[in-house]
Structure formats: structure tokens, C-alpha cells
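The values are calculated or read from the model by the stated rules, or taken from the named source; none is laboratory data. Quick caveat, the model's predicted, so the values are computed rather than measured. As a convention, Cβ positions derive from the backbone with ideal geometry for all residues, glycine included, and neighbour counts pool all protein chains shown. Keep in mind that these areas ignore ligands, DNA and RNA; they rest on the heavy atoms of the full protein, side chains included. Shrake-Rupley method; radii C 1.70, N 1.55, O 1.52, S 1.80 Å.
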Amino acid sequence: VESLVTESNGSSSMASVCGGCLALMDAGVPIKSPVAGIAMGMLLGDKSDVSDENAVIVSDILGTEDALGTMDFKVAGDKEGITTFQLDIKCEGLTLETMARALHQAKEGRIHILGEMEKALAEPRGELPPTVPKVIMVKISEDSI
């Protein structure tokens, strides 16, 4: 699967997670469950005060929020849980309360995105399309060699 994003004002990597999953399902690849990703950010009213009260967690961040924000948190997974995440921060640390809020908000967003993906394609196609490469194994009797 290749994802080519030529322009973005949001998380192209999380769009690639969602689009890649749908592409695999559309090709008939029997995945266990759909996976979606969401980018989270954090804005601080006072950048010198990293506290839960001062932190505004934003979902599905845009380019401006990414540039001006103090956190870039990407979370991907299925309905059961997180399969991967990545976190960059531009502040002196995060409180456990702030991380808990960000994880909870990311879960709500991921579940919502999975629901939208399900509207397009609920499960992998039953058969592989004729354009998908296939492996054929042939056993030749040693007597024939």
C-alpha cells in the first residue's frame, strides 16, 4: 500500500492509516479489524504553565494548530484499543491528567472515524480482485525431474 499526499492542512499520516486500511479491505485482504488514526494537539494559554487547567486538547489538528501548539500526539488503533502512537511535545512536560484527557478524546475520535469508515466499507471484500497478485504453489514429482 502506498499513500501519496500532495497537499495537507492536517495529519497526512493519520489519513494514510485510514486510507491504507480501507485500501487493504477493498482489495480483499482479510484483516482482523479496521484501524483508524487521529492527530491530537494541545494549546496552552500560558506556555510557561503546563497544567491540566491551562491545557486545551484539540482533535484532528490542522497545520496551524500543529505549528502553534505544544503537543503533536498521533494515535492509531481499532475499536478494542491502541495499536501505535507517537508523541512530540514543545513544553516542559505533561501531567497525567492531561495525557488521560488526550487519550480519552483520541479514543472518542478514533471510534467516530471507524464508524465513518464502516459506512464506506464494513468488512474486507470476500474475494480478491483479479488485479491482485497471487502466489501459486506447484509441487513437481521428483520422478518428473
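When residue 86 is tested against (1) surrounded by 11 or more Cβ atoms within 10 Å (Cβ to Cβ); (2) in a loop (DSSP other than H, G, I, E, B); (3) of a type in the set (S, T, N, Q), exactly one condition is not met: (2).
Residue 20 passes every criterion in (1) touching a residue at least 24 places away in the same chain (Cβ under 8 Å); (2) open to solvent by less than 30 Å² (accessible area, probe 1.4 Å); (3) within 15 Å of the chain's Cα centre (by Cα) apart from (1). Considering only the stretch 89-145, how many residues are farther than 22 Å from residue 71 by Cα, among the acidic types (Asp, Glu) and open to solvent by 100 Å² or more (accessible area, probe 1.4 Å)? Qualifying residue count, the stretch 89-145: 4. Looking at the stretch 54-64, is at least one residue open to solvent by 40 Å² or more (accessible area, probe 1.4 Å), on the phi > 0 side of the Ramachandran plot, not in a helix (DSSP H, G or I) and not basic (Lys, Arg)? For the stretch 54-64, residues open to solvent by 40 Å² or more (accessible area, probe 1.4 Å), on the phi > 0 side of the Ramachandran plot, not in a helix (DSSP H, G or I) and not basic (Lys, Arg): present.
Being assigned to a loop (DSSP other than H, G, I, E, B) and at negative phi holds for only one residue in 92, 116, and it is 92.
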